[in-house]
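The values are calculated or read from the model by the stated rules, or taken from the named source; none is laboratory data. Only a predicted model underlies this, so the values are computations on that prediction, with no experimental measurement involved. Cβ placement follows ideal geometry from the backbone for every residue including glycine, while neighbour counts extend to all protein chains displayed.
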């Protein structure tokens with residue numbers, strides 16, 4: 001990872017996107033950053049339950065890559081904790097995200113999970129597993145099912161640079177490569193695996209070179225350039241849809257916050273974060289692109305900013321007014337049809353005993 005923070009864009013030509021699509025990319029990037037900033041405020045007010053994981057400096061790689069998928073065809077992705085932007089592109093709402101982080105009773109997981117650990121197969125995002133790298137074999141299986149059913153669908157999975165050193169990553173991508181699954185594997189090279197610099201966790205000089213060992217194409221792009229990210233991912237998605245199998249993409253980016261909000265980044269060399277913020281902020285870079293070559297006015301971008309602020313303000317008010325989980329919800333949807341009330345799961349004759357904390361005679365005794 002270059003200490004200066006400078007990365008030459010790999011985008012050879014402007015992708016064929018309409019003006020509306022270009023502005024939509026900006027909307028999702030701004031929504032991602034502003035929503036996380038709001039979450040920071042709530043975290044400091046102790047209204048966020050658990051950790052807060054930010055994608056500051058990585059918004060372009062999540063948004064640009066997810067935007068290359070085709071939701072109308074049923075394409076799906078599996079995000080990691082720094083891929084909030086990809087979920088927003090696929091249709092997740094700020095209200096859902098806020099409720100989830102605040103562990104509200106009407107959150108997607110009814111307060112039983114945190115941060116962005118939830119999924120919706122209809123909208124095309126699959127809930128993540130905290131064990132890094134493990135979603136690669138999961139998505140290998142998902143996309144193999146697309147192939148076996150003859151469906152014109154593609155899957156995308158994100159991993160960090162550190163996850164490429166795990167067995168799950170190796171086994172998953174190797175299986176997907178052999179089976180020629182319609183899968184795109186994105187390696188976000190953000191410089192650190194938690195606090196471990198890239199140079200300390202692998203001797204590989206470029207993660208795209210790992211593709212050689214699996215017999216698949218390996219590409220690299222500037223992950224802080226949303227258009228370059230979109231372009232390289234679109235190429236891989238189109239290749240997968242043609243039946244040509246897996247592509248590994250290395251996106252060069254940088255994590256300007258710690259692993260989570262509690263991480264003070266004491267392991268980062270002095271000045272490194274400031275250089276990346278000054279020279280390679282993905283939102284700032286895209287604003288220059290839009291107002292320069294694309295001819296978008298500052299007023300148009302300000303209108304989008306105002307829309308984002310209004311949406312987040314409204315979602316915050318609704319989330320803060322949401323109820324806490326009901327104790328009985330801890331049983332709901334665990335072993336039986338989630339439409340059934342938890343009380344109906346008790347065996348006949350046991351419900352009253354459970355409620356009164358008495359041991360029913362029908363349980364018998366245990367002498368062993």
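Among the residues of the stretch 323-338, those that are part of a loop (DSSP other than H, G, I, E, B) and modelled with pLDDT of 80 or more comprise 323, 324, 325, 326.
Mind checking which residues of the stretch 181-200 are buried (at least 17 other Cβ atoms within 10 Å of the Cβ) and not in a strand (DSSP E or B)? Passing the criteria: 181, 182, 190, 191, 198.
Answer yes or no: is there a residue in the stretch 162-180 that is more than 19 Å from residue 214 (Cβ to Cβ) and modelled with pLDDT under 95. No, every residue in the stretch 162-180 fails to be more than 19 Å from residue 214 (Cβ to Cβ) and modelled with pLDDT under 95. Could you tell me whether residue 152 is out of contact with any strand residue (DSSP E or B) (no Cβ under 8 Å at 6 or more places or on another chain) and modelled with pLDDT of 95 or more? So residue 152 fits the description; yes. Among the criteria (1) under 22 Å from the mean Cα position of the chain (by Cα); (2) at pLDDT 95 or above, the one residue 277 does not fulfil is (2). Quick test for you: out of 284, 238, pick the one residue that is out of contact with any strand residue (DSSP E or B) (no Cβ under 6 Å at 6 or more places or on another chain) and either closer than 29 Å to residue 180 by Cα or touching a residue at least 12 places away in the same chain (Cβ under 8 Å) (or both). None of the other options fit; the residue is 238. Pairs linking a residue in the stretch 132-145 that is at positive phi to a residue that is in a helix (DSSP H, G or I), with Cβ atoms under 6 Å and 6 or more positions apart or on different chains, are 133/163; 133/168; 133/169.
Considering every residue within the stretch 201-223, establish whether at least one is on the phi > 0 side of the Ramachandran plot and either part of a strand (DSSP E or B) or buried (at least 16 other Cβ atoms within 10 Å of the Cβ) (or both).
Taking every residue of the stretch 201-223 in turn, none turns out to be on the phi > 0 side of the Ramachandran plot and either part of a strand (DSSP E or B) or buried (at least 16 other Cβ atoms within 10 Å of the Cβ) (or both).
Regarding the stretch 269-282, can at least one residue be identified that is touching a helix residue (DSSP H, G or I) at 6+ places or on another chain (Cβ under 8 Å) and crowded, with 19+ Cβ neighbours inside 10 Å? Yes; the residues of the stretch 269-282 include at least one that is touching a helix residue (DSSP H, G or I) at 6+ places or on another chain (Cβ under 8 Å) and crowded, with 19+ Cβ neighbours inside 10 Å.
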